[in-house]
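The values are calculated or read from the model by the stated rules, or taken from the named source; none is laboratory data. The structure displayed is predicted, hence computed values, not measured ones. We place every Cβ from the backbone using ideal geometry, glycine too, and count neighbours over all the protein chains shown. For the accessible areas, the whole protein counts, side chains as well, though only heavy atoms, and no ligand, DNA or RNA atoms are used. Shrake-Rupley method; radii C 1.70, N 1.55, O 1.52, S 1.80 Å.
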Amino acid sequence: MKRFVVPLVIGGSLTVLVALLLLLRSITSTEPSEPVATVPARERPVGSAPTTSMPTTPASGTPTPVFPAAPANTGERMPALPAGQSGIQSAGSDDAPPGTKLNTKNLHLGMPALREKIAGNTSQIASCVAGKRSSGEIMVTFIAGNRANRIEIEQTDIDGETTTIDDQPVLDCMMAATRSIRLDGLPREAEAIMVYRSISLQDGKITDDKPTKFSYIR
């Protein structure tokens, strides 16, 4: 029995020894793995802002917003304002305010009537320069207003910018004579107008006497 045990022990020992040798050889013969190459990070310039990726817009599939259409012009007219209320007046005179260009009533009471009335008053202002040798221009202004359906001269004055005569008694006399003018009415149903009366003198005689313009003041 011992004769068979000894060879078995020896054979087993050899087997273990061969296995260890083979294991040791496999360990020592293994080559080291190649180093992994590392790529250096890209340096960013000092002071530059970090880049951010912009969100991409899908090329298709996004619903397009729908806006409501503008209301169509139906051609309906706005309701007209009653007469006497503020707003755009018509082209006629029925609802036009007094003293405006849209009011065309009594136009004959404008410059035609003023020329006639001033011409009838020239003889009175002629007495203001009787015995005088004055020459020059006098501009008398006066306000004619409607008071209880009667036109009165409310105020008279001398326009100093266009008047070249400085004889105050003559100027006072001409203003007083102008206040005696009586008008039959006012144009465009106005309540008051300001009239400019131009008087020309040559050696104490009146060579021209006429209204140059007037304006509506109320």
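Amide H contacts of residue 135 (H built 1.01 Å from N, in plane; Pro and chain starts excluded): 203, 204 sit under 5 Å, all sequence-distant by 5 or more or on other chains.
Cα extents for segment 124-218 along the principal axes, largest to smallest and rounded to whole angstrom: 41, 22, 20.
Quick one: which of 171-180, 124-133 comes out on top by average Cβ neighbours within 10 Å, and what's the full order, highest first? Mind showing how you got there, number by number?
Working: 171-180: 16.9, 124-133: 15.2.
With the highest mean Cβ count within 10 Å placed first, the list reads 171-180, 124-133.
If I take all pairs of Cα atoms in segment 145-196, what percentage of them are more than 12 Å from each other? Present the calculation step by step, with values, prior to reporting the outcome.
Working: 896 of 1326 pairs.
Summing the P(r) of segment 145-196 above 12 Å gives 68 percent of all pairs.
Considering only 144, 128, 187, and ranking their Cα positions along the charge dipole of segment 85-218 that arises from unit charges at the beta-carbon of Lys, Arg, Asp and Glu, the one farthest toward the positive end is 187.
I'd like to compare 182-191, 201-210: which one has the highest average count of other Cβ atoms within 10 Å, and what's the full order after that? All intermediate terms of the calculation are to be shown ahead of the outcome.
On the way: 182-191: 17.9, 201-210: 14.9.
In descending order of packing, they fall as 182-191, 201-210.
Across the accessible surface of segment 104-162, with the other protein chains kept in place and a 1.4 Å probe, carbon and sulfur atoms take up 44 percent.
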